[in-house]
Amino acid sequence: MLLMQGTMVNNNQNILNDTLLTQPFSQQDSPLAQCQLVAKVYAGIENAVCVLSDLKANRSYIYAGGAGAALGLQIETEIDSIWEEGLFSRIRPDDLQAKHAMELQFFHMLKDLPNQERYDYYVNSILHMRNAQEEYVPVQHRMFYIRSADNGSVWMALCLYNFPPQQVERTAYFGWIVNSRTGQILVPDQQQINTILSEREKEVLRMIKGGSSSKEIAARFSISVYTVNRHRQNILQKLHVNNSMAACRIADAIHLL
């Protein structure tokens, strides 16, 4: 069971990695210093462990506020990855899997919004992490996209980890999306997610997942290989990935297939 959970966690992390790091970025001045200051301020005033991830550079900056010591995370460091594995290793495996899946759905929800409107939304969740005594305790996790590139790609992400009010005693992961401008709470709409791909694109992707070639897919649906390849390209563009394997992983994670 533990091996299966670990595999599912890694799959969701790989999906997010493929989705976020394969975005196109334009040339523009880096907002890094400004975003680092934001992360440091949050770490100080909220006693949070703050992780600032630069998706363009595939690099993260970690700042530990007062909650860091209680969670065994007395750290302030830079890592060459958007995945803070030292912190992830302290999250309960099934919660980590759910966290990655929620963040993937959040990304797909925001990608069609204008850059400025994206800043109104964030993920808020309760998960469980091992503390300094190696006991699982509830932790509040929030995720914001705080900067987008000029071409619309998500650039800077900020994750905060700190303790929720003591009356919060959930035993399983629970996450939702919040509009901070209105206070509205959103749960990802699976019906909306289902429309990301057309029915024919889903059929093509199912055959790709099963190992079929473009020629075999063309014969199955009585269409040309050119049309199949056009469907393939549309699928990659809609799922924001650069290969069919990543497309299959994303489609599975958000229940498209």
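The values are calculated or read from the model by the stated rules, or taken from the named source; none is laboratory data. Nothing here was measured: the structure is a model prediction, and the numbers come from that model. Note that we place each Cβ from the backbone using ideal geometry, even for glycine, and neighbour counts take in every protein chain shown. Heavy atoms of the whole protein, side chains included, go into the accessibility calculation; ligands, DNA and RNA do not. Shrake-Rupley method; radii C 1.70, N 1.55, O 1.52, S 1.80 Å.
Listing for the model above:
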| quantity | calculated |
| --- | --- |
| Residues of region 132-172 satisfying the condition of being of a type in the set (A, V, I, L, M), more than 16 Å from the chain's Cα centre (by Cα) and either part of a strand (DSSP E or B) or surrounded by 15 or more Cβ atoms within 10 Å (Cβ to Cβ) (or both) | V137, V139, A149 |
| Residue count, region 37-69 (criterion: open to solvent by less than 40 Å² (accessible area, probe 1.4 Å) and either of a type outside the set (F, W, Y) or over 21 Å from the mean Cα position of the chain (by Cα) (or both)) | 16 |
| Per-region count, region 207-236, residues touching a helix residue (DSSP H, G or I) at 6+ places or on another chain (Cβ under 9 Å), open to solvent by 60 Å² or more (accessible area, probe 1.4 Å) and under 18 Å from A246 (Cβ atoms) | 2 |
| Yes/no for D150 being touching a Ser or Thr at 6+ places or on another chain (Cβ under 7 Å) and not small (G, A, S) | yes |
| Answer residue from region 173-182, given it is open to solvent by 60 Å² or more (accessible area, probe 1.4 Å) and not aromatic (F, W, Y) and is nearest to K99 (Cα to Cα) among those | S180 |
| For G72: the one exception among (1) modelled with pLDDT of 75 or more; (2) over 20 Å from I126 (Cβ atoms); (3) open to solvent by 10 Å² or more (accessible area, probe 1.4 Å); (4) small (G, A, S) | (2) |
| Strands (runs of 3 or more DSSP E) lying entirely in region 45-96 (those with 2 or more residues that are of a type in the set (G, A, S)) | 59-64 |
| Residues satisfying the stated conditions in region 97-131, i.e. open to solvent by 30 Å² or more (accessible area, probe 1.4 Å), free of Cβ contacts under 8 Å to residues at least 40 places away in the same chain and not in a loop (DSSP other than H, G, I, E, B) | N115, Q116, E117 |
| Pair list, Cβ under 6 Å, 6 or more apart: region 157-175 residue modelled with pLDDT under 90, other residue crowded, with 20+ Cβ neighbours inside 10 Å | Y173/D95; Y173/A98; Y173/L127; G175/M102; G175/S125 |
